[in-house]
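The numbers here are math on the coordinates, done by the rules we state, and not lab data. In this text, all values refer to a predicted model and were calculated from it rather than measured experimentally. Every residue, glycine among them, receives a Cβ derived from its backbone with ideal geometry; neighbour counts consider all protein chains shown.
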Amino acid sequence: MLTRSYTGRVVSTDWKTDLRQRGYRLTPQRQLVLEAVDTLEHATPDDILSEVRRTASGVNISTVYRTLELLEELGLVSHAHLGHGAPTYHLADRHHHIHLVCRDCTDVIEADVGVVAEFTAKLKSSFGFETDMKHFAIFGRCAGCTAKAEAEETGRTSAEAAGPKA
């Protein structure tokens, strides 16, 4: 079932049901935070606050943090650490992926958790360790930045190989 939100967007009422089943109400602040997380996808609390303030200017950062903490406890949102800054949040029901973070351009690629199934199975069989992939980020270099770096290296190498110009 769909309903109109405080911002006029059409949203699923599953949030309302999920919260009620756990003994909570879908307050305007909770709905705005959920909508911001939904819209922004991988968003820091500051990003979420900025989005929420577009509709409700009186909301402060502590409200956002408290709301995110509750929503994570209830399993509606989850967070991942994608760098040195604040964690990023996204809806938990859409989080069946790992994050590949490019150190050069900071782009985040979402990869299906199936790509690490063999790795997680090995951790379980060898160490009895259950992995929590929703908080997992792998840092490296994306294809675009790798190609750019290789082109720059090749360019330098070619110029050096040609020797000094006359």
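The set of residues in segment 65-94 that are under 17 Å from TRP15 (Cβ atoms) and not in a helix (DSSP H, G or I) comprises LEU74, GLY75, LEU76, VAL77, SER78, TYR89, HIS90, LEU91. Number of residues in segment 17-37 that are in contact (Cβ under 8 Å) with a residue 12 or more places away in the chain, surrounded by fewer than 19 Cβ atoms within 10 Å (Cβ to Cβ) and under 23 Å from SER50 (Cα atoms): the value is 2. Number of residues in segment 130-159 that are within 22 Å of ALA92 (Cβ to Cβ) and in a loop (DSSP other than H, G, I, E, B) equals 4.
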